[in-house]
Each structure stands twice: as C-alpha cells, then as structure tokens.
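Novice: Please see the structure below; I have some questions.
The values are calculated or read from the model by the stated rules, or taken from the named source; none is laboratory data. Note that the structure is predicted; figures quoted are calculated from it, not measured. When we count neighbours, we look across all protein chains shown, and the Cβ atoms used for this are built from the backbone with ideal geometry, even at glycine. Quick note on the areas: whole protein, heavy atoms, side chains included, nothing else; ligands and nucleic acids left out. Shrake-Rupley method; radii C 1.70, N 1.55, O 1.52, S 1.80 Å.
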Amino acid sequence: MRLVGMIVVMLAFSLCGVAQAQDADVEITAVEAALDRGLAYLARGQRPEGYWPSWQGNNHGVNALCLLAFLGRGHQLGRGPYQKVMADAVEAILVTQDDTGLFRSPNPSHGPMYEHALATLAMIEAYGCIPTPQFRARVQRAVDLIVRAQSHAGGWRYQPRPEEADLSVTAVQLIALRAAQNARLSVPQETLDRALAYVRACLNPAGAFDYQPGLPVHQDIAQATGWKFSPAMAAAGTLSLAMLGAFDEPGFAHGVAFMRDVEYRPEMLYFYYTTHYALQAAFQAGGDEWARWSARVRPLLLQRQNEDGSWPGYAEERFNAGELRTYSTAFACVSLNVYLHYLPAYQR
Amino acid sequence: MTYWLLRALGVRVGAADQVEQLQWLWHRPAYLWVGLFLAAPLAYLIATRQRKNQPHLRPRWRGTLVACRVGFVLLLMAVLAGPYVRVREDLARRPVVIVLADESASMSLPALPESDLSRAQLLRRTWTREKAVRDELRRRFDLREYRFAADLRDSMLDAAPPDSPPDSPPALDDAWAGRSALGWSLEQALGATAGAPVAGVVVFSDGQTSGTPNAAEVVTRAAARWSRGLDRPTLVTVPVGATQPSADVSVIEALAPARVTVGDSVRVLVTLATTGFDGQEIDVTLRDGGSVLDRQTLTLRDGRRQRVELSFTADTTGARGLTVEASPPPGERFTHNNTITAFVDATDDRVKVLYLEYGPRWDFRFLDHGLRRDRGVSATLVMQSQLEARDSTGDAGGLPTDMEGWSRYDLVMLGDVSPALLPATAQEQLAEAVSSRGVGLLVQAGVLHMPHAFVGQPLERLLPVACEPVASSARGLGGIEALPYSPFVMRLSVAGSMHPAFQVYETAQKNRQAWERMPVFYWMASARREKAGATVLATAGEHGPGAPLIAEHLVGRGRVLWIGTDSTFLWRRNVGDHFFGRFWGQAIRHAARRDDRAPDRSWIEATPRQAAPGDTLLLRFHSVDKSGAPDRSASATLRVKGDGVTASLAMETADSAGLYQAQWRPDVPGLYTLSATDAAGKTHNTTVLIAPPRDELADTSVNREALGALAELAGGTMLELEQLGRLSELLDKPRPSVPRVRDEDVWDNWLTLALLAGLYCLDIGIRRMQGAS
C-alpha cells in the first residue's frame, strides 16, 4: 500500500509540475488507460478458436473490430502482450476465406459484404505487421472481391454481387480500399472514381447523406426515430469522401457542417457507429471540427466505461453477446484509437 | 577525576556524557603478574644489599632508596605489561539542514495578485524577517543554504543579491534563471553532505520546476536509501506566492519542421494553456516579422491544453524565426508567455532518395505518404514484394546496376529488403557509392531480413552496429523480442538529444524528455553493440543504457544512419505526424549527401540551429580558394551579428584541411547571423535562433499540488511562509549518534616519563646529599 501510495504521489507530482510538456500527455494517458482496460476485457472474452462471440455468434464484423482495436492501440502481430490473441484472431478470419476471396463470416448478418470489408481492413492492417508474400496474396484476393462486387451505380450492398448499393456498406468498402492503397495493393482507379460518383449521388440538398440516393433514412429507422436525415449516414458519407481523398468535394464540407449540429448522446440510435465515423471524419477534416468532436467523444467514452473495462451497448446492446459486450467495447476502443493515430488506413 | 586522569594520560575523550564505559586493560598481563610476584623478593634483595653497602645511612634514607628502586622496577614492569584503556563512546553529531531557495525566472513573477512584490523578493524578506528561526536553526544544526535555478549555488539567503526593482521583468534572458533544476540541485546538496546526518531539507519554491532529473525521482531514490536504515530527513516544502492560480494564457509550444522546402505548406502546431479566462475568445497569430502568415480564433477552455494548427506556404528561401502570439484577453496581467518563436529554414534543395522496402509495413505506409508530401524530397520507391508478386525481381525492378547508378541518389533508404533484391554485387556498388561519392545510407531494421539476412555480406560492413546472425524465433523472424511485461524503452544519448534528426525543442533536455516519453517497443533488431567509431544516438533497454537502437557513423565520405526499430509509427501517438514526420524529414536530410558540402566548396554550419541561452553551439566553417583547394590558414574568423550584438570568434583548424571549428555559448536570445569569408573572398553565412526555454513561465501559478506531493513522497510536509516558526519543531528529532570503541595506551605519556625521572632524580639526590656511593 505504501508503494502504491508512493507511485500515485509520484505520478501526481510528475503530472502536475515537473515538465509541463508532460502535462499535455495527461488526456492521452487517460485514453490509453481506458483502452488497455478495454483490450484486457476483449482478450478475456476471446474464444479459444480465436473469434469473439456476438449476437450472431461468430461474426467477422465483430471479430475484425476487435482485432482493429488491438492494432489501433499499436499492438503488432508477433510481439507484445497480445500476440497470441491477435494471431488467433487473424487465423480465425483467414481460414474462412473462400475461393472467391470472400472472408465468409460463419454467422453473417444481412449478408457477408459488411463483414468482409471490415475483415479485409483488419487483414490489410495485420499484413503490415509481417508482410509476407502469402499474406499479400490473401488480402489482394479479398480486395479483388470488393472490386468485383461494386454495383453499376458505384456502391456496394450486402451481397458480393454487383447489384444494389447503399451508403453504409459502401463506406466500409471504401475504408478497406483506402487501406489497400496504402498497402500498395492493386485497386483500380476506375473503382474509386465510380465509388465517388455513388457517394456524390447520396448527397442530398439538405447537406446530409442519403442511405440510398433518394432515400434519406431507412424506413424502419425513420419510423423508430422520426429522423429525416441520419447522423450515422452523414458521418459515413463524409468519411467516404475523405477516404477517397475528395476533400474539395462540396459534400465533404456539407457533411462536416451537418455533423456539427448533431445532438450527440449515448442513447441515440447507432451511437457507436456514429461515434466512430463522425470522429474519423472530424479527424480527416482537422482544425475546429476535430477539436469539437474529440472534445465530445473522449470524455463521454471515458466516463461511460464499465469497471470491467467494457462499454455498455445502449441502443446497440442487441449486437453484444448477452453479458459479453464485445461489439460495443470493440467499437469504443476503435473510436478511442483515433486519438492515437496509429492505424495507417486513417492517416490524413 | 577519571576524565582528568585520562586526559592527563593523553587519552582523547569527548564530553563526559558521550563516554558510556571505560575499561582498564593490559596488553601483556602475564608480565604484570610475574612482576608483582617478583616484587617482594626483589624488594627484600635490594633492602639487604642496601643495608650491606650503605650501613652509614639512616634507615629512613635507606628505606627511601629501596622504595625508589623497587618503584622504578615496578614501573618498568608495568610499562612492559602494556597498560591501555578501552573507551566506549556514543558520539552525537550536529545534523545538517539544507535550505534550497528557488531563484529561477518564475520566481520573478508577482507573489500576490495586485502586488508588485516578486516571489523571490517575498521569500528573501520573509527569511530575513524570521531571524529568530534562522538563529535557532544555526544553533542546533549545520545549516547549509543554497539558491538554485539551472544549477545549485551557495548563498546566505539573507545576504543574497539585493532586491531587484519591484517592476523588473522576469529574468528570462538570464541563462541561469531560465531553468529550475530542483531535482539536480537536491541531488547536489545531498551529495555535498558527504554522509553527514541530514535532519531535513527545506525547499522554498513556486513549484514550477523544469530540469532533470525529476525531483520526485531524486526524493524516491533518497527515500529508498533512508529506508535501508539511514535516518530519514524531513522534507519541508514551502510554496512562495499566491494560493489562487493567476489568470493567464500561455503558449506552451509551437512545433514546426526545422527545414522545409520552398513551396511547402508548413503546419505549425501550437499548444496553449489557460487559467481564468474560460469561454473567452482570443486570436492566435503566426507572424514572420511584421507580416501575418495565419490567424485563428480560439475559444479558451480553463484547465485544458488546447491545440491550434496554423499554416503558411514557405515562398522564399532562408531561415526565419516565426512568432506565434496569443492575443491577451482583457484583464491578463502577465503577457510574457503569450508569444513563442518557431525556427523554420526554407531551402530550395531537393534530396534525391531511393527507398527500397520489402513490404508495406506500417512505417512504410506513413513514410510513403510523408515522402510524397515533402517537396524537399524526390523519392523513388521500390517495393520488393510488389516485384515478387509480378515475378519481376529478375530485372531488380530498375535498380541501379553500377556504382554510378547508386551515386545518382543523395540518399539510399533500405527497409526490410532481402539479399534477393540486393545481392552482394549491388551491396558492393552501394558501399562504393557511399564511401567514395558520399551517398547517404539510411537502414531501418525489419523482422524478415534486415539486418540478420545480411550478416557476413558487404552491407553489414557499412552498418554502425554489429549484427548477430540469428533468425531468433521459431517463426523465422529476426531480432530481439521484448518480454511482454518488460518492453524496450528508448533512451536518447547525449549525442542523440541534440542530434539534427531528433531536434524538436531548443534544449537537449527537452528533446530528451520528449523522445523518452514515446511509447515502448516490443521488438528491436539483433544489434547489441555499436562498432568502433560509431555514435549511438539512442539505446533500447528496460532500464538505462541498453543495445544501440539508433546509431550513425561515417563511411568514407558518406554517412550511414541505422534505425533498429520498425515501429517509429508509434511516435505518432496523439500528435500524428509532428514527431514521426519531423524525425524522418530531419534524418533524411541529415544523412543525405549534400553537394554544398563537397570538398571543393566553402560552407558554414551551426549545430544546433536553435538553442537556449547558455547552450553551447558547434560552429564549423569549410574554406576553399578559387581553385577549390582547401584554405591553409592557421585560423579563421567568424562574425556574429544579432539584435544589438556584434562579435568576432576565432576558429581553430579541425581534423581536415580547410575545416575550422569553434564553440559558441550565446547568453542573449535573438536571431543571429554567423558569417565567415573564405579563401576566395566570398562570404558565407548561416542563421541560428537563440530562444529562452519556455518551461519556466509556461504556468504562472504556484504549483502547491506538486510541492505538497513532493513533501508527501518523502514523508515530510508542506508549510506556508507564515508557518516558518514551526520549522525548528518539524526538524526536531533525536540527534544521531555513532557508537565508537577505542583502545588508548596509557604508558606512553609525559606522566610515566615524569615518574621515572622523579624516581631516578630522588635516588641520585639522596645519594649525593648523604655521601653514599
């Protein structure tokens, strides 16, 4: 106890007066401490097979989010305290890749493309830890599938076929493609050009983004919330443009402006989805937008963390595996990781 | 009586209350017993002989003569037996009390709101007024008073330098007052006691300390020693100044790349801290002289560090000190810390870089973007895994095929490439380009190949570190993996803390602090020692110095920089590119060949380009004549010109012909131009910025929390100035004592001699007076 007291006092001293540059680290240190508790919770919740249970069972959307939570904290494959956790997670995703390149989620939700894009993103980032030729071939095939599954309109939908599209699924494909570009994987420029056209088409006159062109909010959500426009889609659309490097698009400024006035609270529908996309979009925008959103998100997530390191699910509680809050904890960690700026896919 | 006798016998004893026990002993007691045993027959024999030989003497004279002789013999026997005394003492020592008074620049701030009295003045006046306390301390203790700022100085506080005028500005320009190294001073003061018992340490300060080591570390180390049986001194901290934080806006730092290229969009990351102006709006302005480069409006938030990013386009070459200024909100009294200077040197140089990497590891992904954004770098990137995927390693992806080809680049960067891309022949060509053409080489380690796959090959000879031929893990990956609970911590060496690659702040100390706060590593290359002649810039180890992590050396005309980690992306923590980008940008420019440094060119340089008053700069000047031949003069003169300062410095010849160097220690802040004229009559100049360190005045409040925590850490207490009367009581503790046992001979002294002489004289005297033989 005496030792603990001494450490606490020493920490207090070092934080408050020794070298003021250290003071600037106080906020990020709190973020890292919260992340470390969150990652410890996720590590405890991982199944021996390498996956994390969620409402669907073994779903690659949640598996990828969990893996990204570790990667985004700066943990690398093959080293450090979580090397086994991460290696098992990578293996659990890689073994599900089929001949088409699809990371087929054992327990998919609406369709596999959402999970595939998240898994592809996580695999591309993991490939950066140990960039072997074998790993490269696997992630290139996953990227090739995304390219093939692009709809004629330029977007993506739940199934790996070029049929329909919506902005939510499209946004996550674009993040994966951006990661692929960073990793010098082959991504046709035509794919990106057509995707930009689709995102543009989703921009509505109010400055927000439609779920699908002409459909601002999914009907079920509109009925449940009374929203005319979805904050989640505004964030997804804005981030999509950022991932495409289209910062000069009018839609980017409109999306940022729309997000400024969003009533941000944990009880909102798709809280974690909105948090992550909005924070990433704000980071891409930089300046005042980043200052505004980072000041909103950090204290809220730090305050709401449970004692066991998890985060409550709020309106997305159903996506968790009962008492095991893998979905919400992974999403919260991935959001807090934005403050660290480690994940290459999101570099500005 | 005993002590009188002991002193008479020449035995050294202190005060009577220090002697616990006295024992009278003999070195050779057998001699004594034999002597005593023989004393009676001897006395009888002497008396018989005296009666026979001196029958005419009266019996009392004869008896006296017998007594003298017997006494003489007994005294000799006693001396022969070696009498001594064993003294057991308990020695009490007057303990030391150390008084440390902060005299750094922050102590020149107003002590109280609406008062012109500075903190230092308040302290001196209080200390002078409390004469009774001082006299009491001096009576009971060995009182040692010091002043401290950048280091420790002896001083009688009540006889300290006279008070400065009440309205004098903070002594920011004073190199000594610019920092307050409490930890260092405490260490020095404790060391100066040389093991004497220390009753207490009294620290008068405003709690704004900026030096290393951290005072808490020093106290913790000392506390560990004290807990091992030594008496624990009482640490008393005394805050000097107002209890309420003063309302203030402070510009903490402005991070800008030191070297940019004309046309670059330069971002300056400004950090501010605010107290007492919550919700108010101010302008944060970036200026170059009189012209405004950028301005942003900021809504202040109390108690939070706020960051503002300002930017401008570098449109002209040359070094400049950019001023970042936070407009003072209404009512701000102290505005000295509202401005800060950032040094930016714009050139139109472009470094030609060839970057070979195996795969898109994380560092590469960030560097890829960084190099493309950097207008001062023209980079050619070759990725081995892409070539392998296209099965085109056969043509080496258009890599140089001879030494001339490699020499077309100013710098070659090698990532985790394998010998398949860089076979021995190519390595030889590269080595030749480095040594004879001055091409820079920057090598970054990796888990797959670098450097363990090159052990025994020509490339290994180029590296400044000795590599081990291991593929250490079962996965076939090279390098050293840290234990999960014991990761590697980067420690900058003295050379590294002011090395151009690492330079972020104006002082070595701040650089070291900033880089050593970076996240830990869990992997490093298997290079456990540097080669002879190499300079280690950073080491990695759990505690203290370890294996070389970053090192450099010169190979012929070229410079080789080794980076033993593949995780420099971790330096993006919280601030993105500012440290990561700065390190790589500066490292590339430092290691690259510079045509303007060719042997047939004149040039001048100062290292570092930005420093604090009191720091030492290394100035080098290379002088050639019109034909390009080196200047053979014995010395050169360097002219220094700054704001109101003009001086000349004599430069001595250095290692190579035409090269001169000197050290310069500026004391006055400002932007200085250093110029020298070469043997061809052409003048060359460079610019350096001397800026006061910012730490001292970054926070204008009195940090009672820090002082209280420091005292608590050592088991002491914090006192207010008004409570100084309690000092004597707080420092009161049993006087330390040291048990001592001594043996002192008691025969070898004047008393024994006097006894012998007395007996002898008495014997002779009686015989003479009585006419005896």
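Novice: Report, by chain and number, residues whose modeled amide H sits under 5 Å from the one on residue B:319, excluding near sequence neighbours (fewer than 5 apart, same chain).
Specialist: B:346
Novice: May I pose another question? For chain B, what is the percent of antiparallel DSSP beta bridges, rounded to the nearest 5?
Specialist: The antiparallel fraction comes to roughly 70 percent.
Novice: Let me ask you something else. Within the protein assembly as shown, what percent of beta bridges assigned by DSSP are antiparallel, to the nearest 5?
Specialist: 70
Novice: What does the accessible area per residue of chain A come to in Å², with a 1.4 Å probe and no ligands, DNA or RNA counted?
Specialist: Computed with neighbouring chains in place, this is 35 Å² per residue.
Novice: A further question on this structure: Among B:91, B:77, B:64, flag the residue with its Cα farthest along the positive direction of the charge dipole of the range B:52-110, charges on Cβ as +1 for Lys/Arg and -1 for Asp/Glu.
Specialist: The residue sitting farthest along the positive end of the dipole is B:64.
Novice: Can you compute the modelled spin-label distance between residue B:742 and residue B:23, with each label point 7 Å from Cα toward Cβ, in nm?
Specialist: The modelled label-to-label distance comes out at 1.8 nm.
Novice: Which three lengths, in whole Å and largest first, does the range B:1-155 cover when its Cα atoms are put on their principal axes?
Specialist: The Cα atoms of the range B:1-155 stretch 109, 31, 23 Å along the principal axes, largest first.
Novice: Could you size up the charge dipole of chain B around its Cα centre, putting +1 on the beta carbon of Lys and Arg and -1 on that of Asp and Glu, and report it in debye to the nearest 20?
Specialist: The dipole of chain B has a size of about 4640 debye.
Novice: Continuing with the same structure: Can you give the net charge of the other residues whose Cβ lies under 9 Å from the Cβ of residue B:279, counting K and R as +1 and D and E as -1?
Specialist: Neighbour charge sum, excluding residue B:279 itself: -2.
Novice: Rounded to two decimal places and with Rh computed the Kirkwood way over Cα pairs, what is Rg over Rh for the range B:180-329?
Specialist: Over the Cα atoms of the range B:180-329, Rg/Rh equals 1.16.
Novice: Accessible area of the protein assembly as shown with a 1.4 Å probe: how many percent of it is carbon plus sulfur?
Specialist: The computed percentage sits at 53.
Novice: From the mean inverse distance of alpha carbon pairs (Kirkwood) and the Cα radius of gyration, derive Rg over Rh for the protein assembly as shown.
Specialist: The Rg/Rh ratio comes out at 1.14.
Novice: Using amide H atoms built 1.01 Å from N in the peptide plane, name the residues 5+ places from residue B:311, or on other chains, whose amide H lies under 5 Å from its own.
Specialist: Under 5 Å from the amide H of residue B:311 lie the amide H atoms of B:268, each far enough along the sequence or on another chain.
Novice: Right, another one. Just to check I understand the Karplus step: with θ = phi - 60° and J = 6.51 cos²θ - 1.76 cosθ + 1.60, what whole-Hz values come out for the range A:120-131, glycine and proline as x?
Specialist: 4, 4, 5, 5, 5, 5, 5, 4, x, 6, 9, x
Novice: I'd like the orientation of helix B:750-770 relative to chain B: the angle between its Cα long axis and the longest Cα principal axis, in ° from 0 to 90, rounded to 10.
Specialist: Helix B:750-770 sits at roughly 20 degrees to that axis.
Novice: Another question, then. Could you compute how fast chain B diffuses translationally, taking Rh as the Kirkwood radius over C-alpha pairs and applying Stokes-Einstein at 4 °C with viscosity 1.567 mPa s? Give it in µm² per second.
Specialist: 40
Novice: Using mean Cβ contacts within 10 Å as the protection proxy, how do A:40-51, B:758-769 order, highest first?
Specialist: Going from most to least packed, we get A:40-51, B:758-769.
Novice: Once B and A are treated as a pair rather than alone, how much accessible area drops out, both sides summed, in Å² to 100, probe 1.4 Å?
Specialist: 5100
Novice: When 1/r is averaged over all different Cα pairs and the result inverted, which Kirkwood radius in Å belongs to the range B:450-583?
Specialist: 15.3
Novice: Under the Karplus relation 6.51 cos²θ - 1.76 cosθ + 1.60, θ = phi - 60°, what is the ordered set of whole-Hz ³J(HN,Hα) values for the range B:304-317, x standing for Gly and Pro?
Specialist: Couplings: 10, 7, 10, 10, 10, 10, 10, 9, 7, 9, 6, 10, 9, 7 Hz.
Novice: Also, quick follow-up: In vacuo Debye scattering of chain A, one point per C-alpha: log10 I(q)/I(0) at q = 0.08 Å⁻¹?
Specialist: With one equal scatterer per Cα and no solvent, log10 I(q)/I(0) is -0.37.
Novice: Provide a whole-number value for the mean count of partner chain Cβ atoms within 10 Å of the Cβ atoms in peptide B:703-712.
Specialist: 5
Novice: What residue among A:52, B:671, B:277 has its Cα farthest toward the positive end of the dipole of the protein assembly as shown, where the charges are +1 on Lys, Arg and -1 on Asp, Glu, each on the Cβ?
Specialist: Positive-end residue among those listed: B:671.
Novice: Using only the alpha-carbon atoms, how far is helix B:131-140 inclined from the longest principal axis of chain B? Give it as 0 to 90 degrees, nearest 10.
Specialist: 60
Novice: Projected onto the charge dipole of chain A (+1 at Lys/Arg Cβ, -1 at Asp/Glu Cβ, origin at the Cα centre), which of A:30, A:215, A:109 gives the Cα projection farthest towards the positive end?
Specialist: About the Cα centre, the residue reaching furthest to the positive side is A:30.
Novice: Same structure again: Report the charge-dipole magnitude of the protein assembly as shown in Debye, nearest 20, computed about the Cα centre from +1 at each Lys and Arg Cβ and -1 at each Asp and Glu Cβ.
Specialist: 5360
Novice: With charges only on Cβ, +1 for K and R and -1 for D and E, what is the dipole size of the range A:40-151 about its Cα centre, in debye, rounded to 20?
Specialist: Dipole about the Cα centre, nearest 20: 240 debye.
Novice: Helix-derived [θ] at 222 nm for chain A: sum -39500 (n - 2.57) over DSSP H runs of at least 4, divide by residue count, nearest 500?
Specialist: It comes out at -18000 deg cm²/dmol, rounded to the nearest 500.
Novice: Over chain B, with the other protein chains present, what is the accessible area per residue in square angstrom, probe 1.4 angstrom?
Specialist: Spelled out: the 1.4 Å probe surface of chain B, per residue, equals 43 Å².
Novice: Still on this structure, please answer the following. Kindly rank B:109-120, B:233-244 from highest to lowest mean number of other beta carbons found within 10 Å of each residue.
Specialist: B:233-244, B:109-120
Novice: On to the next question. Which ³J(HN,Hα) values, rounded to whole Hz and listed in residue order, are derived for the range A:174-183 from phi using the Karplus coefficients 6.51, -1.76 and 1.60 in 6.51 cos²θ - 1.76 cosθ + 1.60 with θ = phi - 60°, glycine and proline given as x?
Specialist: Those phi angles translate into 5, 5, 5, 5, 5, 4, 5, 4, 4, 8 Hz.
Novice: Within 10 Å of each Cβ of B:569-578, how many other protein chain Cβ atoms are there on average?
Specialist: Per residue, the number of nearby Cβ atoms from other chains is 5 on average.
Novice: Taking just the C-alpha trace of the range B:596-698, give me its Rg and Dmax in Å.
Specialist: When restricted to Cα atoms, the range B:596-698 yields Rg and Dmax of 14.5, 53 Å.
Novice: So how tilted is helix B:59-81 from the main axis of chain B? Cα-based, degrees 0 to 90, rounded to 10.
Specialist: Around 20 degrees separate the two axes.
Novice: Report, by chain and number, residues whose modeled amide H sits under 5 Å from the one on residue A:305, excluding near sequence neighbours (fewer than 5 apart, same chain).
Specialist: Amide H to amide H, under 5 Å and 5 or more residues apart or across chains, residue A:305 pairs with nothing.
Novice: Per-residue Cβ counts within 10 Å, from other chains only, averaged over A:246-258: what number is that?
Specialist: Per residue, the number of nearby Cβ atoms from other chains is 0 on average.
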